[in-house]
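Colleague: A single structure is presented below for examination.
The values are calculated or read from the model by the stated rules, or taken from the named source; none is laboratory data. All values derive from a computational prediction rather than experimental measurement. Cβ: placed from backbone, ideal geometry, glycine included. Neighbour counts: every protein chain shown. Just so you know, the surface numbers come from the protein's heavy atoms only, side chains and all, with ligands and any DNA or RNA stripped out. Shrake-Rupley method; radii C 1.70, N 1.55, O 1.52, S 1.80 Å.
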2 protein chains.
Amino acid sequence: MKLQMIPMRVLGDERGSLVAVEANQDIPFPIARVYYIFGTLEGVERGFHAHKTLQQVAVAVRGSCTMVFDDGKERVELELDSPAKGVYIGTRIWHEMKNFTEDCVLLVFADQHYDEADYLRKYDEFLKFLETT
Amino acid sequence: MKLQMIPMRVLGDERGSLVAVEANQDIPFPIARVYYIFGTLEGVERGFHAHKTLQQVAVAVRGSCTMVFDDGKERVELELDSPAKGVYIGTRIWHEMKNFTEDCVLLVFADQHYDEADYLRKYDEFLKFLETT
């Protein structure tokens, strides 16, 4: 499985750094929803679901965490450890997050509003969805 | 000048915290652009401009900073010091940011793509714009 990285343009100068992303350009879809995960307790793992149709881009804007991608055949791990390092989370990809540092802020852009019906929250249900759709 | 706060819904549980914002709902406009400011050096002040038409919402997702709002008649300061505390930055408001903590990550949602022509970067130009439009 080849991960699609979304490099973020860092506009740095003598004041500090700024990353700007334009919807439909840097982020390859319209931004309907944004969420950020923070204050994650030590040892916690999150995610453990896939989406039927939702596309997302994730970036650790502070601290770091590990993201696990699983397409039903292969598992790949990626360290999200830079405000400049985005990754595309496509549809039909089971994903998990772990190894959150205390200060980690994981920022995620999504192309649709929240819809519980789009989630596949059980791994066997995910595999069945891959087989049958 | 009355500031319009945008309270962010924090979905906290035994794992940690998550804030989700929906475009056109929690954020009162479509999200065309998102930027984040980080690694700001000690003593730096940023901003010092207004927008003719751009609307924004800002939130410090980590650390804190002070935002100054100026409508040409009055200056108001606000501490952005919580991932749950968003503030609306309307059109025609001169704004400045200062007192960034070392760990501050200031996240900003904007309703238009980047357009240099929308900026008023000189205070006297800003006042003249207020008078004449």
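Colleague: Which whole number gives the average count of other chain Cβ atoms within 10 Å of the Cβ atoms across peptide A:37-45? Intermediate results must be reported in sequence, preceding the final value.
Modeller: Numbers: counts 9, 10, 8, 4, 5, 1, 1, 4, 1.
Taking all residues of A:37-45 together, the mean is 5.
Colleague: I would also like to ask the following. Any idea what angle helix A:123-132 forms with the longest principal axis of chain A, computed on alpha-carbon atoms, 0 to 90 degrees, nearest 10?
Modeller: 70 degrees
Colleague: Using Cα springs under 10 Å in a Gaussian network model of chain A, which residue among A:81, A:118, A:70 shows the largest mean-square fluctuation?
Modeller: Of A:81, A:118, A:70, the Gaussian network model singles out A:118 as fluctuating most.
Colleague: Ok, one more. Count the net charge of all other residues whose Cβ sits under 13 Å from the Cβ of residue A:76, scoring Lys and Arg as +1 and Asp and Glu as -1. The partial results should precede the final answer.
Modeller: Working: positive: A:2, A:73, A:75; negative: A:70, A:71, A:74, A:77, A:79, A:96.
That sum, taken over residues with Cβ under 13 Å, equals -3.
Colleague: Sorted from shortest, what are the nm distances separating the label point of residue A:78 from equivalent points in the other copies, each placed 7 Å from Cα along Cα to C-beta?
Modeller: 3.4
Colleague: Need one number: buried accessible surface between chains A and B, 1.4 Å probe, both sides summed, DNA, RNA and ligands left out, in Å² to 100.
Modeller: Details: alone 7740 and 7750 Å², together 12140 Å².
The buried area between A and B, both sides summed, comes to about 3400 Å².
Colleague: From Cα pairs below 8 angstrom and at least 6 apart in sequence, can you work out the relative contact order of the stretch A:3-132, rounded to a whole percent? List each step's numbers first, then the result.
Modeller: Details: 302 pairs, mean separation 44.7, N = 130.
Computed value for the stretch A:3-132: 34 percent relative contact order.
Colleague: Springs between alpha-carbon pairs under 10 angstrom, Gaussian network model over chain A: which of A:15, A:46, A:33 fluctuates most?
Modeller: Of A:15, A:46, A:33, the most mobile in the Gaussian network model is A:15.
Colleague: Still on this structure: Quick check for you: with a 1.4 Å probe and neighbouring chains kept, what is the accessible area per residue of the protein assembly as shown, in Å²?
Modeller: On the way: 12140 Å² over 266 residues.
Here the residues of the protein assembly as shown average 46 Å² of exposed surface.
Colleague: Carbon-plus-sulfur fraction of the accessible area of the stretch A:3-132, 1.4 Å probe, in percent?
Modeller: On the way: 2860 of 5740 Å².
C and S atoms contribute 50 percent here.
Colleague: Around residue A:117, with a cut-off of 13 angstrom between Cβ atoms, what is the net charge of the other residues, counting Lys and Arg +1 and Asp and Glu -1?
Modeller: Combined, the nearby Lys, Arg, Asp and Glu give -2.
Colleague: Could you tell me what fraction of 2.2 N^0.38 Å the Cα radius of gyration of the stretch A:28-79 comes to, as a two-decimal ratio? Don't jump to the answer; show the numbers that get you there.
Modeller: Numbers: Rg = 12.6 Å, N = 52, 2.2 N^0.38 = 9.9 Å.
Expressed relative to 2.2 N^0.38 Å, the Cα Rg reads 1.28.
Colleague: Put a label point 7 Å from Cα along the Cβ direction on residue A:45, then list its distances to the equivalent points in the other copies in nm, shortest first.
Modeller: Ordered by distance, the counterparts are at 5.0 nm.
Colleague: Based on alpha-carbon atoms only, what is the radius of gyration of the protein assembly as shown relative to the globular estimate 2.2 N^0.38 Å?
Modeller: On the way: Rg = 19.3 Å, N = 266, 2.2 N^0.38 = 18.4 Å.
For the protein assembly as shown, the normalised Cα radius of gyration is 1.05.
Colleague: Okay, next question. Can you pull a Stokes-Einstein diffusion coefficient for the stretch A:3-132 at 4 °C (1.567 mPa s), Rh from Kirkwood over Cα pairs, as a whole number of µm²/s? Let's see the in-between values first.
Modeller: Values: Rh = 15.3 Å.
Answer from the Stokes-Einstein relation: 85 µm²/s.
Colleague: Also: At residue A:118, with labels set 7 Å past Cα in the Cβ direction, how many nm apart are the copies from this one, shortest first?
Modeller: 2.4
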